[in-house]
Amino acid sequence: MTETRSAGTGFTAAIMAARESYISGRSGLAELTATVQACASLWEGAFALADVTGTDLLDRRTMGLLARALAFRGEAVLLIRDRLVPCSDWDVSTRDGTPRAYRLSIPEAGGGRSETVLAPEVLHVRLAADPVAPWSGQAPLRRASLSAQLLHEVEQALHETFRDAPIGSMIVPLDGGGGEALESVRGSLRGRRGGALVIEYLSQAIAGGAPVPGRGPDHLTPRLREAAVVETLEAARGAICTAFGVLPALLNATTTGPLVREAQRHLAGWTLQPIAALVAEEACAKLGAEIEIDVMRPLQAYDAGGRARALATTVQALAQAKEGGLAPGDLAGAMALLSWGPGETAP
């Protein structure tokens, strides 16, 4: 009997490389930066708080898991059983660009298992689908790979600088007369940690010439500001936040309360609520129920101050109209005119 095994450089290695790309990201290690994790946490928290009506399958744990998968992979696949089972990997068979069947990899504690199911048995949510491959989604970091790579490289460079650079170290010049002064300096530095001190004689520093009195120490700390590291880091962080739908000003140290509320409304209204609508549409088609998902109300992502001012203005206008002698029917007609939308017939 012939036994056949996959080679280490063949199928097994390809699968391991694919799994590594999901963990570390398509742009290196950008998912491990604090900026990306903060944006993904905003998505996860908003979906965990969302109001879901029409089904019990989309509980808070599943919604949070779904949001995190969408933030990092741009798509999420959940197998429909007595509950929604998340899938770690999948292959798709399509017809006219629409999935027909899936081969799913379901994670288990003792090792994953594979299962083949039809498309109606799977909840598949995709973000930013490309016309070339409409059956797959794209994560925000994949759509902004240059900014993600820049953010990772800058943070990695800062990490290596603070790890290896002689920060706080300096060159102290001493004259060459007598060894007692040198021994006393070394004794005063003994036991101090955090930097290396280089001591040179003035005669060596000036190529054997006469000592220069009053010469100060030379610092070895790198001048990071001259390399525009701070500006580059802020620009990369801002680009990543924008890719996730988060206003960069939300993470600014000088952000004020009104700006925080506006950033929350922008994130909920222009990014999270459309994604929630996509999830609800997919759930309606696969679960056979009228499902609605609302992230605006739980996040209070509405202009409460503007609504209060509008209500106060309306009440004041009604009081003035009543004082002017308008009948209740006239007031009702005026309110109807205020709510008259475009394309509607005036009452």
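Mind listing whichever residues of segment 100-141 are touching a strand residue (DSSP E or B) at 6+ places or on another chain (Cβ under 8 Å), open to solvent by 50 Å² or more (accessible area, probe 1.4 Å) and either assigned to a strand (DSSP E or B) or among the polar types (S, T, N, Q) (or both)?
Hits for segment 100-141 are Arg100, Arg103, Arg113, Ser114, Thr116, Leu118, Arg126.
Tally the residues that are assigned to a loop (DSSP other than H, G, I, E, B) and open to solvent by less than 30 Å² (accessible area, probe 1.4 Å), restricting the search to segment 74-93.
2
Identify all residues within segment 235-275 that are among the aliphatic types (A, V, I, L, M) and open to solvent by 80 Å² or more (accessible area, probe 1.4 Å); write none if there are none.
Residues satisfying the conditions are Leu251, Ala253.
Being modelled with pLDDT under 95 and more than 23 Å from the chain's Cα centre (by Cα) narrows it down to one of Gly28, Gly10, so name that one.
Being modelled with pLDDT under 95 and more than 23 Å from the chain's Cα centre (by Cα) holds for just one of Gly28, Gly10, which is Gly10.
Ala71 - would you say it is in contact (Cβ under 8 Å) with a residue 12 or more places away in the chain, closer than 20 Å to Gly137 by Cβ, open to solvent by less than 20 Å² (accessible area, probe 1.4 Å) and outside any strand (DSSP E or B)?
In short, yes.
The values are calculated or read from the model by the stated rules, or taken from the named source; none is laboratory data. What you see is a predicted model, and the numbers here were worked out from it, not measured in a lab. Please note: Cβ atoms are built from the backbone with ideal geometry, for glycine as well, and neighbour counts cover all protein chains shown. Calculation scope for accessible area: heavy atoms of the full protein, side chains included, ligands and nucleic acids excluded. Shrake-Rupley method; radii C 1.70, N 1.55, O 1.52, S 1.80 Å.
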